[in-house]
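Only the coordinates and a few stated rules stand behind these numbers; no lab work does. Note that the structure is a prediction, hence the values are computed from the model and not measured. Positions of Cβ are backbone-derived with ideal geometry, glycine not excepted, and every protein chain shown enters the neighbour counts.
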């Protein structure tokens, strides 16, 4: 945490990197402390993750002035900026390099949820202090932006794409290498063809019974989001009565993601299931299909088309994705969705939504062919046990 003493002079060497270029500037002397980029950005990332879970907001001010900071006389300009920030912020606020030699950042914590008036006052106070500490020409060359966290919807992804400084989760650093992706694809195709060939009599029987026991199509088709948010038509055997009201599930998903889902205890042993139970929209056959996961079998066709993988996170529907917090979204962005996954074999519907996301992210970031094979071998046990399935 940075403090801003009034009299102590702090020496700071502006030596660092900006993007791929080396930035080498003079040694600066000014009142206050400026955290090095690696420490400041690390603090920002931790605070971002904390606020996404606690919903306690903080504000980031970024002062973008690469040309201003790297021109002759920049030592004095930087000194004036730091002094102005020191005089207009609290001891709990932190000043550091957001991008060394190009962008300064100030992190304002404990802003108070819903206190928009206080936030506006801080913005005006700091901006005015900077305006008074700089010449009008210098101030024009300084681009000041404010961002309030936690962000929602697609706020974290601007026109130029996601801010990878604050959202390294959105990078492709965890994506499998080309050779591994090819091998995974081969396993998907071969595995799906074998499953469809071996289970073809089961598919025919389920299709016949579905048509016989209730009106409507055999297959349930729904738009889901695949890797990078690409939509595709998700296939399942229909387990509900036709023309049912989707609002029931939409409302439940909203409560579930917010952590307010109704935790059922169907086995009487306190083992709850974070899943919509006793749904009157489900047919008698549908309950059996869901309990045994046989309704999922048509997804082998999604795998053959390359829209899904045998192993991966479950693909969300749009209204589910729209409710995601920012830290939930990499589960969709980082890897192709699958029929089974770490969540299904370790937690299934007994876990909370946040726990499910953590399992999916753990899978994406530790992915290997061996992990896929391990999950595939564990899936039959999870399916036949029927534990946590509804």
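Quick notes
- Calculated FRET efficiency for the pair residue 292/residue 178, C-beta based, R₀ 51 Å, to 0.05: 0.85
- Each peptide among 117-128, 37-48 gets the average number of other Cβ atoms lying within 10 Å of its residues, and from highest to lowest they stand as 37-48, 117-128.
- Approximate spin-label separation residue 194-residue 373, in nm, with each point projected 7 Å along Cα-to-Cβ: 1.1 nm
- Rounded FRET efficiency, nearest 0.05, which uses the C-beta distance separating residue 241 from residue 117 and R0 of 51 Å: 0.50
- Stokes-Einstein D for region 178-385, Kirkwood Rh over Cα pairs, 25 °C, 0.890 mPa s (µm²/s): 138 µm²/s
- Highest-first packing order for the peptide set 188-197, 326-335 is 326-335, 188-197, based on the mean count of other beta carbon atoms within 10 Å.
- Modelled label positions at residue 381 and residue 91, each set 7 Å beyond Cα in the direction of Cβ, lie 5.6 nm from each other.
- Applying 1/(1 + (r/R0)^6) with r as the Cβ-Cβ distance of residue 252 and residue 140 and R0 = 51 angstrom yields a FRET efficiency of 0.45.
- Distance (nanometres) between label positions extended 7 Å along Cα→Cβ at residue 209 and residue 49: 4.5 nm
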